[in-house]
Amino acid sequence: MLYREAGDFKTSYRDDSQTFPIKLERWGYYAVVAVAFGIVPFVINDYWASAVLVPFLIYAIAAIGLNVLTGYAGQVSLGTGGFMAVGAYAVYKLMTAFPDVSLLIHVVLAGAITAVVGVLFGLPSLRIKGFYLAVATLAAQFFLVWLFNKVPWFYNYSASGQITAPTRTFMEQAISGPAASASAKYLVCLVFAFLVAWMARNLTRGSIGRRWMAIRDMDIAAEIIGVNPLTAKLSAFAVSSFFIGIAGALLFSVYLGAAEVGEAFGINKSFLVLFMIIIGGLGSIFGSFAGAAFLVLLPVLLKNLLVGNLGWPTDLAAHIELMIVGALIVTFLIVEPHGLARLWSLTKEKLRLWPFPH
Amino acid sequence: MNSMTSDGYITADGRQIGGKLMELKNITLRFGGVVAIKDISFDIRQGEIRAIIGPNGAGKSSMLNVVSGFYHPQDGEVWFKGSRRQPMKPHQVAGHGVARTFQNIALFDGMSVLDNIMTGRLNKMKAGFLSQAIWWGKAEREENENRAVVEQIIDFLEIQNIRKTPVGRLPYGLKKRVELARALAAEPQLLLLDEPMAGMNVEEKEDMSRFILDVNDEFGTTICLIEHDMGVVMDLSDRVVVMDYGRKIGDGTPDEVRNNQQVIDAYLGVAHD
């Protein structure tokens, strides 16, 4: 009964095109932001930060990044893991080369470096489409992982071949390294996730977003109405890689603390993020969050249920967990191929009429 | 009979038609060994409704693609707004004041009607990347300015009630209308319509005919259209080009074309001996 457009009159185009046009939705959004910034940092503990919230936020950033490219601009990519690795190694090199500069600036710079690399690997998209492009980006994935393994300069010639994040502080609080507190890690990731989501929303609602979607839906018609495919596709690669680079930098510096490229940024990562946007919903910012939440939370939930409540052995639970997650993904794609975001918008459409049937 | 002068003529219904907006001189277009268009010349005048007709495979759509700048003819010259047009990339065409609709609807199915029509204004939107990312200043201002123009077109074509509907959910006739709206949003000087009535029922055809006439009348847009429905073509257009097998076999007012022996032969067939 509360979810109504009726009576909520819009008298300017600005009001009409806002992100949350319905009052209840707008207040819901404000409430979520207020809780995320105002309450969670004070009650968060190490378990919630490292098992749930921090990975959720980081993967949400990566999912938004891939969604810009695949969901909005229609260019399939399997190179997400490789691009995250670029972000991670860039931030590592920056952190060790310029220890006095804030980590937050380094993360943004790492995103910018990844954007350049992304544009480079996006060049084939001007000639090839669909599955063939996916294979071309797969080449990026393997090449980048190989590169970071093979060239010792990238991992500062460390004996193990690993990169390890040194402790960096922001306003006297450690935000990376072993000394970082749960709430500090959480807040850093939250700020980045919030800004990335906000920027992605702004870009996709305006003329750049329309160019991307036009190329996605029908590239020939897009060209005829004046969309330059070169700039449209490459800008999508740049923005997407920028976000994914930020996600990779945060994953390494704030979350993992130490990483080995093949393990942390392998092809599995690419698929994981791709599943997130497919399950969450292609071409939806909300869907990116929903998909990330689904794939981060589900294993945690299942583990708690099977090991914690039923007392199964951990290894058995781990295997069952994989099977259940897999089965759920397949079921999901059959029941709602457009993902959680579509499910959400269908619910909203029903709610507008509820409790009347017509 | 119209009085034809170098700077225009008066149509049968009394409208003043201006000078040449576009002139095609001796256009020849080949795809490998296939000659799609052979040595065709005609002009499109300011403010007129110009039709291109012909049997299937006559090269009408190819002709429209040459007019729009999508194909580059091997021989011949295209003059537009008084200067010779150089070959250009497809995405540059829209910036020169030519917009078109497609034979098979080419809308962006994943976007709403409003967004689809807004894409027609992409050439007019110049806000920088940063301004758009933070949605401040120019980006927001130009979005609202262009929205105002688009809303006028939505009013004009009477599609207010569907502006937020995803295009994929619309019936065929409305999709055609949205496509017309998208082309109009670019404020073209020359509007090309590739079979605007194809697959429509009588009522939808009447609606579309009215909109085409209104567009021509209210905005003064020059229109060049391809259509198979002879009734529609003869009623709407001021002058008609008839093509057959890539050649021009007739050119003139609907009445002249209707009585042209070559045209009758092309449409009804002629005995070969």
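The values are calculated or read from the model by the stated rules, or taken from the named source; none is laboratory data. All of these numbers come straight from a predicted model, not from anything done at the bench. As a convention, Cβ positions derive from the backbone with ideal geometry for all residues, glycine included, and neighbour counts pool all protein chains shown. Only protein heavy atoms, including side chains, enter the accessible area calculation; ligands, DNA and RNA are left aside. Shrake-Rupley method; radii C 1.70, N 1.55, O 1.52, S 1.80 Å.
Based on protein heavy atoms only, chain A ends up with 47 Å² per residue of surface accessible to a 1.4 Å probe. Counting only other chain Cβ atoms within 10 Å of each residue's Cβ, the peptide A:208-219 averages 5.
Cα centroids of segment A:102-165 and segment A:181-240: 19 Å apart. Take the residue pairs A:Lys185/A:Lys303; B:Lys81/B:Lys126; B:Lys124/B:Lys248; A:Lys129/B:Lys60; A:Lys269/B:Lys138; B:Lys124/B:Lys164 and return only those whose Cα atoms are more than 27 Å apart. Violating the 27 Å limit, Cα to Cα: B:Lys124/B:Lys248; A:Lys129/B:Lys60; A:Lys269/B:Lys138.
Here segment B:110-182 has an Rg and Dmax of 13.1, 39 Å, counting Cα atoms alone. At q = 0.12 Å⁻¹, what base-10 log of I(q)/I(0) does the Debye formula yield for the protein assembly as shown when every alpha carbon is treated as an equal point scatterer in vacuo? Log10 I(q)/I(0), no solvent term: -1.20.
Antiparallel DSSP bridges in the protein assembly as shown: what percent, to the nearest 5?
On the way: 28 of 45 bridges.
Bridges in the protein assembly as shown that DSSP calls antiparallel: roughly 60 percent.
Evaluated with a Cβ-only charge set (Lys, Arg +1; Asp, Glu -1), the protein assembly as shown carries a dipole of roughly 1600 debye about its Cα centre, given to the nearest 20.
Sites counted here are GluC sites (Glu not before Pro) in a DSSP loop (not H, G, I, E or B) having no more than 13 other Cβ atoms within 10 Å; the longest part of chain A that contains none of them is A:173-358. Placing a label point 7 Å from the Cα of A:Thr96 along the Cα-to-Cβ line, the residues of segment A:165-187 whose backbone N sits under 14 Å from it are A:165-167.
Once you mark the trypsin sites (Lys or Arg not before Pro) that are in a DSSP loop and have at most 15 other Cβ atoms within 10 Å, what is the longest gap between them in chain A? Longest gap between qualifying sites, sites excluded: A:130-358. Each chain gives up part of its surface: A and B jointly bury about 3100 Å² of accessible area, both sides summed, for a 1.4 Å probe.
Distance between the C-alpha centres of segment A:271-328 and segment B:31-109: 54 Å, rounded to the whole angstrom. Helical runs (DSSP H, four residues minimum) scored at -39500 (n - 2.57) apiece and divided by the length of chain B put the mean residue ellipticity at 222 nm at -10500 deg cm²/dmol.
Structural descriptor for chain B: relative contact order 25 percent, calculated from alpha carbon pairs under 8 angstrom and at least 6 residues apart.
Comparing each chain alone with all protein chains together (probe 1.4 Å, DNA, RNA and ligands left out), the residues of segment B:127-146 losing at least 50 Å² of accessible area are B:Phe129, B:Gln132, B:Ala133, B:Trp135, B:Asn144.
How much of the accessible area of segment B:1-154, probe 1.4 Å, is carbon plus sulfur, in whole percent?
About 52 percent, which is the carbon plus sulfur part of the accessible surface.
Relative to the Cα centre, the charge distribution of segment A:53-353, modelled as +1 at Lys and Arg Cβ and -1 at Asp and Glu Cβ, gives a dipole magnitude of about 640 debye.
When the Cα positions of B:Gly250, A:Thr169, B:Val232 are compared along the charge dipole of the protein assembly as shown, A:Thr169 comes out farthest toward the positive end, with charges on each C-beta of Lys, Arg, Asp and Glu.
Pairs of Cα atoms nearer than 8 Å and 6+ residues apart set the relative contact order; for chain A it is 29 percent. Over segment A:53-353, the Kirkwood radius and the radius of gyration, each from Cα atoms, give a ratio Rg/Rh of 0.98. When the charge dipole of chain B is built from unit charges on Cβ atoms (+1 for Lys and Arg, -1 for Asp and Glu) and taken about the Cα centre, the candidate among B:Val270, B:Thr28, B:Met88 whose Cα reaches farthest toward its positive end is B:Met88. Relative contact order, whole percent, for segment B:110-182 stands at 51, derived from Cα pairs under 8 Å and 6 or more residues apart. Applying D = kT/(6 pi eta Rh) to segment B:31-71, where Rh is the Kirkwood radius over alpha-carbon pairs, T corresponds to 4 °C and eta to 1.567 mPa s, the Stokes-Einstein value obtained is 112 µm²/s. Within chain B, the proportion of Cα pairs with more than 25 Å between them is 49 percent. Apolar share of the accessible surface for segment A:53-353: 71 percent from carbon plus sulfur atoms, 1.4 Å probe. Charging the Cβ of each Asp and Glu at -1 and of each Lys and Arg at +1, and nothing else, the dipole of segment B:1-105 about its Cα centre rounds to 260 debye. The alpha carbon centroids of segment A:74-98 and segment B:176-201 are separated by 45 Å.
For chain A, the 222 nm mean residue ellipticity estimated from helices alone, with every DSSP H stretch of n ≥ 4 adding -39500 (n - 2.57) and the total spread over all residues, rounds to -20500 deg cm²/dmol. Accessible surface computed residue by residue for chain B, with neighbouring protein chains in place and a 1.4 Å probe, gives 45 Å² per residue.
Tell me the Kirkwood radius of segment B:24-97: reciprocal of the mean inverse pair distance over distinct alpha-carbon atoms, in Å.
13.0 Å
With both residues required to sit in chain B, DSSP beta bridges show an antiparallel share near 60%.
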